[in-house]
C-alpha cells in the first residue's frame, strides 16, 4: 500500500477564517459526494460526473512554490463512472479548468504542498472551460492571479468557492 493511500486529507476548513464560513449547500434532494482533499473540498454530483461546487482555504503566509505536475487522474475513492475523465476534454476546444486553482491550496510544509498540488489534478476538481476564457489574463486567469497575489502580498487567509454553470437550470 502506498503512502498516498494512507493519507486522509482534511479538506476545506469552515473555521479557517475569524468567522465560520460553511461550504455551499447543494439543492435539497441532490445526491452529492463530499470529497476532502488537501486544503480543499469538492462537492461532486455523481449523476453529472462533475463538481457542483468547491471550497478552498488559502494561507498567504505559508504559500509554497512547487512545479506543475500536470498529472490529471481519477479519484480512486469513488467509482470511475461517477467522474468525467480525459474523454470529456479530448478533440475539442475545452480546457480542463481547475475549479480549485492549482496554486491556491499549495501551502504548509513541502510534503503537504506537494500533496495539495497533486490533489488539484483530480478530474473531480475540473470543469469544461472555453480555452480562451480559462487562459485569459483579462478573464478567469486574471481573477485567479488577483486573489492569489492579494493573499501572498498581504499574508491573508482567504476562502474561495467556485462552481461551474453548465445549464440555465443550475442553481444560483
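Applying 1/(1 + (r/R0)^6) with R0 = 25 Å to the Cβ-Cβ distance of residue 87 and residue 64 gives a FRET efficiency near 0.15. Placing dummy labels 7 Å off each Cα toward the beta-carbon, the span from residue 28 to residue 145 is 4.5 nm. Computed from Cα atoms alone, the Kirkwood hydrodynamic radius reported for the chain is 16.5 Å. Mean separation of Cα pairs under 8 Å and 6 or more residues apart, divided by the residue count, gives the chain a relative contact order of 27 percent.
How long is the gain from residue 49 to residue 169 if the chain were fully straight, where each residue apart is worth 0.36 nm and the alpha carbon distance is subtracted? Mind showing how you got there, number by number?
Numbers: separation 120, 0.36 × 120 = 43.20 nm, distance 1.64 nm.
Extending this stretch completely gives an extra 41.6 nm.
What's the ranking of 82-91, 110-119 by average number of surrounding C-beta atoms within 10 Å, highest first? The partial results should precede the final answer.
Working: 82-91: 13.8, 110-119: 18.7.
Peptide ranking by packing, descending: 110-119, 82-91.
Throughout, read-outs are computed from the coordinates displayed, never taken from laboratory work. What you see is a predicted model; the values in this text were computed from it and never measured. So basically every Cβ, Gly included, is an ideal-geometry build from the backbone, and we count neighbours across all protein chains shown.
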